[in-house]
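The values are calculated or read from the model by the stated rules, or taken from the named source; none is laboratory data. All values derive from a computational prediction rather than experimental measurement. In this analysis, Cβ positions are derived from the backbone assuming ideal geometry, glycine residues included, and neighbour counts consider all displayed protein chains.
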Amino acid sequence: MSIYSFPDRGPWGDSKYRGNCSGHVYKELYEQLKPGSVCDPMMGSGTSIEVAQEMNIKAFGLDLRLGFDILRESIVERIGQEVELCLSHPAYGGQIKFSGEVWGDPHPSDLSRCKDDNDFHEKLHIAMLNQRTATVPGGIYGAILGDWRRNGKYTSYQAELIARMPSDELAAVLIKAQHNTTSARRSYGAMRFPFISHEYVLLFQKPKKVLSMLTDLASMARQQSTRLTSTWKAIVRSVLMGLGGSASLSEIYAKVAEHAPDRLAANPSWQAKVRQTLNSNLDCFAPVDRGVWKLAA
């Protein structure tokens with residue numbers, strides 16, 4: 001089953017703890033994946049752990065509220081072993097501020113208190129690599145999270161996480177309907193796009209044969225580089241298509257500046273990147289004359 005919908009959260013955890021997930025979701029996942037051991041490093045009120053214990057699965061629950069900082073501490077060192085499933089339900093988007101409101105004082109490692117989306121993306125990436133390290137070779141790691149729209153901007157947290165993790169490790173993307181949320185009971189006036197009422201369960205499978213951490217990170221870096229190269233290739237190709245299939249370098253620059261302002265803001269050397277993209281993809285782009293390029297046949 002790839003779509004989960006459980007209006008009843010069940011008897012597990014604390015129903016008053018904001019942002020918690022239905023225990024039936026965890027039960028369904030455990031029955032499907034059949035892990036012998038699980039860890040939830042952001043367990044909140046402990047729903048995931050209670051379900052696991054009820055099913056006689058060895059379970060480890062950690063949380064920032066209880067003193068574990070996933071951005072600074074190793075999961076595997078804290079629990080003393082790797083697990084077959086390491087799944088988290090991180091706070092995201094800032095809808096609910098946990099530290100300082102739900103519990104204790106504001107904490108710099110609280111994902112619900114990130115300064116902006118990029119800060120969140122980077123911190124969640126660190127957390128997910130920590131979970132990956134805590135997973136046995138061949139085991140499953142992942143997160144339950146959704147997307148967010150505010151002030152007219154849509155941020156796809158799940159898409160960004162998928163893009164940052166090894167592409168060959170993505171095992172499943174499940175949809176989880178959200179029920180009985182505080183936001184669903186509010187009135188937002190006229191909305192052009194549908195209200196977001198679902199989350200995603202992202203599952204990654206760690207390779208059975210794992211090399212050193214440095215090798216793993218180098219492999220991830222290569223994949224990220226490949227994604228970035230592919231993105232530039234797509235941008236330049238799209239620009240040339242819009243220019244009739246052939247254009248001078250200056251025309252390409254002008255159109256790229258119009259076509260991808262966000263990409264340029266992140267790369268002050270973008271003109272050199274355009275030239276590199278043209279010169280290194282001669283299967284797609286062909287030089288015609290001095291400073292003129294066309295789409296290759």
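Scanning segment 112-128 for residues that are part of a helix (DSSP H, G or I) and free of Cβ contacts under 8 Å to residues at least 12 places away in the same chain yields a total of 3. With a requirement of 2 or more residues that are buried (at least 21 other Cβ atoms within 10 Å of the Cβ), the helices (runs of 4 or more DSSP H) lying completely within segment 16-103 that satisfy it span 23-33, 47-54. Could you please let me know if Ala286 is touching a strand residue (DSSP E or B) at 6+ places or on another chain (Cβ under 9 Å), of a type in the set (A, V, I, L, M) and at pLDDT below 90? It is false that Ala286 is touching a strand residue (DSSP E or B) at 6+ places or on another chain (Cβ under 9 Å), of a type in the set (A, V, I, L, M) and at pLDDT below 90.
Within segment 245-252, not a single residue is at pLDDT below 90, in a helix (DSSP H, G or I) and touching a helix residue (DSSP H, G or I) at 6+ places or on another chain (Cβ under 7 Å). Being in a helix (DSSP H, G or I) and under 31 Å from the mean Cα position of the chain (by Cα) is a description that applies to Glu258. Can you pull out the residues in segment 239-256 that are surrounded by 15 or more Cβ atoms within 10 Å (Cβ to Cβ) and either among the hydrophobic types (A, V, I, L, M, F, W, C) or closer than 18 Å to Arg227 by Cα (or both)? Val239, Leu240, Leu243, Ala247, Leu249, Ile252, Val256, listed by residue number.
Put simply, of Leu217, Leu211, Leu240, Leu228 the only residue that is over 23 Å from the mean Cα position of the chain (by Cα), modelled with pLDDT under 80 and among the aliphatic types (A, V, I, L, M) is Leu211. Considered as a group, the residues in segment 7-41 that are among the aliphatic types (A, V, I, L, M) and in contact with a Phe, Trp or Tyr (Cβ under 9 Å, 6 or more places away or on another chain) include one that is modelled with the highest pLDDT, and that residue is Val38.
Note on segment 150-177: among residues that are in a strand (DSSP E or B) and small (Gly, Ala, Ser), the one that is modelled with the lowest pLDDT is Ala177.
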